[in-house]
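These notes are about the structure you will find just below.
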Amino acid sequence: MKRAEYDVLIIGLGIAGASLAWKLSQSNLKVLAIDSKPWNRFGDKPCGDAISKEHFDNLGMPYPQGKELEEKVEGIKLYSPDMKTVWTVKGEGFEIDSPSYVQRLTKEARDRGVEILDLTTAMKPIIVGNKVEGAVLFNRRTNETIEAKAKITVDATGYSTSFRSKLPFEFPVTESLDDKDADVAYREVLNTKDEIDEYPYLRIFITQKASPGGYWWYFPKGPNKVNVGLGIQGGMGYPSIHEFYNKYVDYYAPDIDKNRLLVKGGALVPTRRPLATIVWDGVAVIGDSAFTVNPVHGGGKGSAMISAYCVGKAILNAFENNDFSAKGLWNANECYIERYGAKQASLDLFRRFLQKLSDDEINYGMSRKVIREEDLLEASANGDLQLSTAEKAMRAIMALGKPSLLFKLKTVAEYMKKVKDVYKRFPAEPNGLMKWKYSVDSIILEFNKALE
Ligand code: FDA
Ligand code: PGT
C-alpha cells in the first residue's frame, strides 16, 4: 500500500470541495483533493444551476465567465398554484455551467500547488485514538490503494455523506438525514422551440398538486435553452418523481423541444438546518454533506461556498495554533451559523409550515398578501418572518374568514424567532454541544406539535 502525508485532505470536488481547494491553494498548506469522478465530470451533478451574485461578492469568489456563465439572472418570478398571482423578486444572479465553473476552480487550485486525483474514492476513514487522521483511498486510474494521512480531513461528498457516515457514531458529525427533511428533485436541460419570453427571469411554480412539498422550476439558460424540473418532499409515499415530471412537464414547460434534450438526472436535496456541528476532532464537513442547503428554495451552491469559506478560515487558524481538535476548528461553526446556519434553522420551520399548506391556502395567501413579496424576500434573505404590516391588515384578513391561516403564521413567526435566538447562543466550546442541540431539537418537536 502506498503511503502519503498531507496537511489537508479534501474528499469530493463538487462546488463545496472545489471552493475549499481554491481557497486553500492561496496558503502554504500541503493539500490533496480527490473525487471518484473523472476530471471532465467534476461538478457535474443534477442541479438548477442558479446562484445569487451576492455569494461571490461576499466570499471573494471569482464570477463565472465565458462558457461557465450561461445567463445573467435579473430576478425570480413566483407563480401561485392557480397562476393568477405572480410575484417578481428582483436580484442579480447567474445560471452557470456547473462542471465548467467547478473545473476552473479545481484547475486554478492545482496550478497553485494543490494535488488533485480524479477517479479516486475515499474508502474508509483512518481513526487514531478518537480523532480522524485521513482516509484510505483507492485510485482507479493507477489501481493503487493509498493510505493518505492528514491533519484535517474534509468531507465534501455531497448528499451521499459517504465519508462522514463511516465515522464512529460518537462523532456528532455522523448525524443522519430524515427522509422527510429532504426533497427528491429531478431536472432536464433542453432547447426550446421558440425564444423564451423574459429569459433573464427564473420561474418558480408553487403547486402542491404537481410537486407536493416542493415546486416546479423553469430556469432559462439563455434565449433558447432551459433547465426545467421539480422537487417533491421525501418520505411521504408519493408516486415517483418521474411520474410527476411526465404528467406535468407540458404544462410548466410547453415550449421545450423534447428531441433536443441535453442532460437529465435527479438527486436528493436536504432541506433542514445544518449539522449541529460541521467540525470535530481532525474532521470538517461542508456542502450538502453538512446539510447547508436553503430549506425553502433548495438552493445549495451559494451556501456550500459559504461553508467552504468558513472551514477554510478555521483550517488556517488551526494550523496557526497547531490545534486540529474540535476546539481548534470550532470557529467554523460560529462563522457558518452567523452567515447562513441560523437563517437555515429558522427557514427549516418555515418550510415545515409551507409543506402543509393546501393549494387553496397558497392561492389565497398570495393573492390577499397574507404574506407580501417583501416579507417572503426578507424571510428568505435573513430567516426573519415579519408580520408587522400589521394590525390593520391582520384585522382585514381575520374579517375575510381565514383566521386559522393567520394564527398559524403568527405561531410560525414566533418559533422562527425563537430558534434563531437559540442559534445566537451556540456554545463557545464543543462540550456544550449536546445540551444546545437538545434545545434546538426540542423547539422543532414543539413546533411540529403546534402545527398539527
Ligand atoms: P456535490 O454532490 O456536487 O459533490 C460531491 C462530490 O463528492 C461528487 O463529485 C462526488 O463524486 C464526490 N464523492 C462523493 N463521495 C466520495 C468519496 N467517497 N470519494 C471521493 N469522492 C466522493 N442549488 C443551487 O444553488 N441552485 C439551484 O438551482 C439548485 N438546483 C438543484 C436542482 C436539483 C435537481 C438538485 C438535486 C439540487 C439543486 N441544488 C441547487 C442543490 C445543489 O445542487 C447542491 O446543494 C450543490 O451542488 C452541492 O454541492 P456539493 O459540492 O456539496 O456536493
Ligand atoms: C417549500 C419547500 C421547498 C423545498 C424545496 C425543494 C426543491 C428542490 C429543488 C431545488 C431547486 C433549486 C432552485 C434554487 C433557486 C435559487 C434561488 C435563489 O438563488 O434565491 C435567491 C438567493 O437566496 P440565497 O439564500 O442563496 O442568498 C441570499 C443572499 O443573496 C446571500 O446573502 C433569493 O431568492 C429567493 O429567495 C426567492 C424566493 C424563493 C422562494 C421559493 C418558494 C417558496 C414558496 C413560498 C410560498 C409562499 C406562500 C405563502 C402563503 C401564506
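The values are calculated or read from the model by the stated rules, or taken from the named source; none is laboratory data. As the structure is a prediction and not an experimental result, all values here were calculated from the model. Cβ placement follows ideal geometry from the backbone for every residue including glycine, while neighbour counts extend to all protein chains displayed. SASA here: full protein model, heavy atoms, side chains in, ligands and nucleic acids out. Shrake-Rupley method; radii C 1.70, N 1.55, O 1.52, S 1.80 Å.
Miscellaneous remarks
Matching residues to (1) in a loop (DSSP other than H, G, I, E, B); (2) farther than 16 Å from residue 204 by Cα; (3) within 16 Å of ligand 2 (Cβ to nearest atom); (4) β-branched (Val, Ile, Thr):
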position: 44; (1), (2), (3), (4): yes, yes, no, no
position: 63; (1), (2), (3), (4): yes, yes, yes, no
position: 71; (1), (2), (3), (4): no, yes, yes, no
position: 74; (1), (2), (3), (4): no, no, yes, no
position: 78; (1), (2), (3), (4): no, no, yes, no
position: 84; (1), (2), (3), (4): yes, no, yes, no
position: 87; (1), (2), (3), (4): no, no, yes, no
position: 100; (1), (2), (3), (4): no, yes, no, no
position: 107; (1), (2), (3), (4): no, yes, no, no
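- Checking residue 80 against (1) over 30 Å from residue 361 (Cβ atoms); (2) more than 10 Å from ligand 1 (Cβ to nearest atom), the condition it does not meet: (1)
- Conditions (1) of a type in the set (Asp, Glu); (2) within 15 Å of ligand 1 (Cβ to nearest atom); (3) out of contact with any strand residue (DSSP E or B) (no Cβ under 6 Å at 6 or more places or on another chain); number of the one not met by residue 95: (3)
- Filter pass, residue 17 being touching an Asp or Glu at 6+ places or on another chain (Cβ under 8 Å) and away from ligand 2 (no atom under 14 Å from the Cβ): yes
Conditions tested, residue by residue: (1) more than 16 Å from the chain's Cα centre (by Cα); (2) under 30 Å from residue 316 (Cα atoms).
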| residue | (1), (2) |
| --- | --- |
| 148 | yes, yes |
| 160 | no, yes |
| 168 | yes, yes |
| 176 | no, yes |
| 188 | yes, no |
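- Checked against (1) within 16 Å of ligand 2 (Cβ to nearest atom); (2) surrounded by fewer than 21 Cβ atoms within 10 Å (Cβ to Cβ); (3) at pLDDT 95 or above, residue 26 meets all criteria but (1).
- For the range 153-182, the tally of residues that are part of a helix (DSSP H, G or I) and either within 16 Å of ligand 1 (Cβ to nearest atom) or buried (at least 16 other Cβ atoms within 10 Å of the Cβ) (or both) stands at 11.
- Remark: residue 266 matches the filter, which requires a residue to be under 19 Å from residue 179 (Cβ atoms), modelled with pLDDT of 95 or more, open to solvent by 20 Å² or more (accessible area, probe 1.4 Å) and in the same structural domain as residue 73 (by TED's automatic domain parsing).
- Enumeration of residues in the range 199-253 that are open to solvent by less than 20 Å² (accessible area, probe 1.4 Å) and of a type in the set (Val, Ile, Thr): 204, 207, 226, 228, 232, 241, 249
- Any chance residue 228 is more than 12 Å from ligand 1 (Cβ to nearest atom) and either closer than 23 Å to residue 73 by Cβ or in contact (Cβ under 8 Å) with a residue 12 or more places away in the chain (or both): no
- Taking each residue of the range 297-326 that is without any contact (Cβ under 8 Å) to a residue 40 or more places away in the chain and at negative phi and looking for partners that are within 16 Å of ligand 2 (Cβ to nearest atom) and among the β-branched types (Val, Ile, Thr) with beta-carbon atoms closer than 8 Å, six or more apart or interchain, yields 300/269; 300/292; 300/293.
The rows are residues; the columns are (1) in contact with a helix residue (DSSP H, G or I) (Cβ under 6 Å, 6 or more places away or on another chain); (2) in contact (Cβ under 8 Å) with a residue 60 or more places away in the chain.
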{"site": "34", "(1), (2)": "no, yes"}
{"site": "68", "(1), (2)": "yes, no"}
{"site": "77", "(1), (2)": "no, yes"}
{"site": "80", "(1), (2)": "yes, yes"}
{"site": "90", "(1), (2)": "no, no"}
{"site": "101", "(1), (2)": "yes, yes"}
{"site": "113", "(1), (2)": "no, yes"}
{"site": "118", "(1), (2)": "yes, yes"}
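- Count of the range 270-301 residues, restricted to those that are within 10 Å of ligand 2 (Cβ to nearest atom) and crowded, with 24+ Cβ neighbours inside 10 Å, is 6.
- Yes/no for residue 375 being at pLDDT below 95, over 29 Å from residue 92 (Cβ atoms), assigned to a helix (DSSP H, G or I) and more than 16 Å from ligand 1 (Cβ to nearest atom): no
- Considering 185, 150, 135, the condition of being modelled with pLDDT of 95 or more, open to solvent by less than 20 Å² (accessible area, probe 1.4 Å) and either over 30 Å from residue 7 (Cβ atoms) or in a loop (DSSP other than H, G, I, E, B) (or both) is satisfied by 185 alone.
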